[in-house]
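The values are calculated or read from the model by the stated rules, or taken from the named source; none is laboratory data. Note that the structure is a prediction, hence the values are computed from the model and not measured. Counting neighbours? That spans all protein chains shown, and the Cβs are built from the backbone with ideal geometry, glycine included. Accessible surface areas use protein heavy atoms only, side chains included; no ligands, DNA or RNA. Shrake-Rupley method; radii C 1.70, N 1.55, O 1.52, S 1.80 Å.
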Amino acid sequence: MRRAFFAITGLAAGTTALVVLKAAPGTGHLDQAVPIAAPSAADEPAPTTSPEATPSKARSPKPTRSATGASRSGAGAASKSPAAARSGAADPQPTSTILGPVVTNEFGDVQVRINLVGDRIVNAAALRLPRRTAQSDQRSDQVDSRYSGTVGMVVERQSADLDTVSGATATSDAYRRSLQAAIDQAR
Amino acid sequence: MPRRGAFGRRLLVVLFLGGLVASVLPWWRDTPTGSLTGATAMTTAAGQITGLVAGYLLLVQVLMMSRLPVLERWAGGERIARWHRDVAATLLVAVLAHVALILVGYAGLEGRSPFGQAGVMLREYQDMVSAFVAAGLLVLVGLVSVRAVRRVLPYELWHAIHLAAYAVLLLGYAHQFSNGSQLFRPGPVRTGWIALYVLVVAAWLWGRVVVPLWFNLRHRLRVSDVVVEGPDVVSLYLTGERLDRLDLLGGQFFRWRFLTRGCWWQSHPFSVSAAANDRWLRLTVKVVGRHTQDLRNLDPGVRVWAIGPSGTCTAAHRTRERALLIAAGSGITPLRAMLEELPPGAALIYRARTPADVLLQEELDWLSRNRGLRVWYVFGSRDDPGPRQVTTPDGLRQLVPDVARRDVYLCGPPGLVEQYRQVLRQAGVRRRQIHLATFAL
Ligand SMILES: Cc1cc2nc3c(=O)[nH]c(=O)nc-3n(C[C@H](O)[C@H](O)[C@H](O)COP(=O)(O)OP(=O)(O)OC[C@H]3O[C@@H](n4cnc5c(N)ncnc54)[C@H](O)[C@@H]3O)c2cc1C
């Protein structure tokens, strides 16, 4: 029984120590909220300009569930990407890559990137999706697989008028907002 | 006789700790330093850690009950039972912490109350209903194993409830992979975790099915004789095939199943009470309850199913040349079996209520005449002057002046064994010189 007591104390102390170690303000600060990069386009996108889009910002300090869906979009401010990164001159049509704004909801951030040839959306990718829990990760995967890609719903519909993925309303919604802003910017 | 040291046991401890670290490692790798900002993230992280630890400990618990020969050999059945109990308490705390921390953490993330969150998880998250049931069962198993509760329950009832632990393994399985942040993504971590399950199940089948089948088909044990030793004590003699090939040490025990009406469904541990020989095995049983009562009336010819041998309270595990054995009541049986395997010069303190309660006296007398065994019989209950005197460090030293330089083997009721352990420590006997057999698993 004495050993059990030590073991339980050790469990508590060990868990606390691990958490505290990882909480210490340290270096490996970046990159964590952007696990998926969706590198489908050959040319890399224009530099994203939103400076506040770092993961440390991603945590919503007080997750509120307001009726509006609680999307505080970083709107226009985040999306002033210097629109087009042109690829080779051989291409008759202008190709461009546009970043949507970071849209934050209670589960995390959503940011969409689209590639256009002329006016036509040829590819869509989610640069950020909520991944904090396994559950939200799964929902994000569902949204991503339905909407994104060269044959996803975005390319198919050529608009932000997308069906909501059931069980992932908030993420679908945030995706549409970011996408809509990107489309507005393109046209 | 080759010695069996503590090497295997230490290796097991190292493996266990290594596995523990390895099971938390994926979390450590996935979590960038500095990413845990705020109480919610920290709570969730602690919930993940305790979850991984709990998952690992549950597998260790099942592995320890697998009767795998290598575990029985390196650690011994009694020690494994003690480890199992200690880990159980830790596992229970880890599971409760996991549930509470995850509920609070997720509730914070999604802006709900923890109870609301529990509802949402039950309804919307995959495999969470079975996971909650698993946690509930584990708490139940833990509750009935609290010593005070367990003592008032019939052993069979306690055992039946305890089997629910296997349901915990089953029901808790899926949610780890559908919701576990470290495990839901295909990859080496997930594969490794599944492999661990496969390994544990394989070990269980090996230790509980394959090895016993092999053993019992090979030796085909049967009851040959039931001999009355005293008012409440019988000896069972078993015969079988190839007994000369039995890898048995004096002091070890088997778990026995007597394949006759009313008995076959229960398995009880009894020590072998005579040194191994190629003709028979003997157990000496004190009647204390229903099953031991039934054993008294066994007919010759009844088939016996045995799992073992198990136990490290043997001459092969000694660290010194000479030994002191302390037996109380029917605790004499395993010690009797090891006497012939010890070097001459051993001493035995045998406590019994009255002279009539002394078991196997003729054999002990024979051993003291022929192998230089010194025997002290101490009669009375624990408050009588004789027994009181031999449960003090000074009293022990008077009888056995070099006690601190001997291995000491203790066998008897748990309370007495524990009392002696402390007295021996005070008398200067090092921990690894003390070998316990408590008749309680
Ligand atoms: C390693 C070991 C070696 C033992 N060697 C001997 C021996 O050589 N001689 C001897 O007389 N007794 C020995 N015992 C004790 C013996 O196992 C119990 O006395 C017997 O199982 C009691 O069963 P019962 O139904 O008659 O009594 P019950 O009244 O049902 O039980 C009495 C107590 O025995 C224990 N017990 C009961 N059933 C089991 C079981 N299936 N498995 C484990 N423990 C159980 C419980 O602690 C219970 O409280 C040994 C026990 C252990 C653990």
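Considering only residues that are of a type in the set (A, V, I, L, M, F, W, C) and within 14 Å of the ligand (Cβ to nearest atom), look in segment B:387-415 and name the one that is nearest to the other protein chains (Cβ to nearest Cβ).
The selected residue is B:LEU410.
Listed residues B:TRP28, B:TRP83; which is more than 30 Å from B:LEU248 (Cβ to Cβ), in a helix (DSSP H, G or I) and within 9 Å of chain A (Cβ to nearest Cβ)?
Exactly one of B:TRP28, B:TRP83 is more than 30 Å from B:LEU248 (Cβ to Cβ), in a helix (DSSP H, G or I) and within 9 Å of chain A (Cβ to nearest Cβ), namely B:TRP28.
Please go through segment A:1-33 and give me each residue that is more than 7 Å from chain B (Cβ to nearest Cβ), modelled with pLDDT under 65 and surrounded by fewer than 18 Cβ atoms within 10 Å (Cβ to Cβ), ordered by number.
A:LEU30, A:ASP31
Go through (1) modelled with pLDDT of 90 or more; (2) open to solvent by less than 20 Å² (accessible area, probe 1.4 Å); (3) within 16 Å of the ligand (Cβ to nearest atom) one by one and return the number of the condition B:GLY76 breaks.
For B:GLY76, the exception is condition (1).
Among the residues of segment B:134-179, how many are among the hydroxyl-bearing types (Ser, Thr, Tyr) and within 14 Å of chain A (Cβ to nearest Cβ)?
2
Testing B:VAL210 on (1) of a type in the set (A, V, I, L, M, F, W, C); (2) over 24 Å from B:ARG73 (Cα atoms); (3) open to solvent by 30 Å² or more (accessible area, probe 1.4 Å); (4) at pLDDT 95 or above, one condition comes back false. Which one is that?
Going through (1) of a type in the set (A, V, I, L, M, F, W, C); (2) over 24 Å from B:ARG73 (Cα atoms); (3) open to solvent by 30 Å² or more (accessible area, probe 1.4 Å); (4) at pLDDT 95 or above one by one, B:VAL210 breaks only (2).
What number of residues within segment B:31-73 are of a type in the set (Lys, Arg) and at pLDDT below 90?
Qualifying residue count, segment B:31-73: 1.
Whether any residue in segment B:185-203 is within 31 Å of the chain's Cα centre (by Cα) and within 16 Å of the ligand (Cβ to nearest atom) is what I want to check.
no
Give me a count of the residues in segment B:274-290 that are within 10 Å of the ligand (Cβ to nearest atom) and either assigned to a loop (DSSP other than H, G, I, E, B) or surrounded by fewer than 18 Cβ atoms within 10 Å (Cβ to Cβ) (or both).
Adding up the residues that qualify gives 4.
Just one of the numbered conditions (1) within 13 Å of the ligand (Cβ to nearest atom); (2) at negative phi; (3) open to solvent by less than 10 Å² (accessible area, probe 1.4 Å) is not true of B:ALA315; which one?
(1)
Among the helices (runs of 4 or more DSSP H) lying completely within segment B:154-213, list those that include at least 3 residues that are in contact (Cβ under 8 Å) with a residue 60 or more places away in the chain and farther than 18 Å from B:MET128 by Cα.
The qualifying helices (runs of 4 or more DSSP H) are B:188-205.
Return the residues of segment B:99-115 that are open to solvent by 40 Å² or more (accessible area, probe 1.4 Å) and either within 10 Å of chain A (Cβ to nearest Cβ) or outside any helix (DSSP H, G or I) (or both); say none if nothing qualifies.
Scanning segment B:99-115 gives B:LEU101, B:ARG112, B:SER113.
Of the residues B:CYS263, B:CYS313, only one is at pLDDT below 95 and under 26 Å from B:LEU367 (Cα atoms); which?
Of B:CYS263, B:CYS313, the one residue that is at pLDDT below 95 and under 26 Å from B:LEU367 (Cα atoms) is B:CYS313.
Across segment B:397-433, what is the number of residues that are within 17 Å of the chain's Cα centre (by Cα) and among the aliphatic types (A, V, I, L, M)?
So the answer is 2.
If you check B:LEU91, B:LEU36, B:LEU58, which single one turns out to be buried (at least 20 other Cβ atoms within 10 Å of the Cβ) and either part of a loop (DSSP other than H, G, I, E, B) or at the interface with another protein chain (Cβ under 7 Å from one of its Cβ atoms) (or both)?
B:LEU36
Does any residue of segment B:121-130 turn out to be within 9 Å of another protein chain (Cβ to nearest Cβ), at negative phi and open to solvent by less than 40 Å² (accessible area, probe 1.4 Å)?
Yes: one or more hits.
So the check is Cβ under 7 Å with 6+ separation or different chains; which pairs have a first residue in segment B:257-273 that's more than 20 Å from B:ARG220 (Cβ to Cβ) and open to solvent by 30 Å² or more (accessible area, probe 1.4 Å) and a second one that's within 6 Å of the ligand (Cβ to nearest atom) and aliphatic (A, V, I, L, M)?
Partner pairs satisfying both residue conditions: B:PRO269/B:LEU441.
Report the residue count in segment B:177-190 for those that are open to solvent by 30 Å² or more (accessible area, probe 1.4 Å) and either under 21 Å from B:THR44 (Cα atoms) or modelled with pLDDT of 95 or more (or both).
3
Pick out the one residue from B:ASP294, B:ASP244 that is part of a helix (DSSP H, G or I) and within 14 Å of the ligand (Cβ to nearest atom).
Result of the check over B:ASP294, B:ASP244: B:ASP294.
Counting just the residues of segment B:79-88 that are within 10 Å of A:ALA4 (Cβ to Cβ) and in contact (Cβ under 8 Å) with a residue 40 or more places away in the chain, which one comes out nearest to the ligand (Cβ to nearest atom)?
B:ARG85
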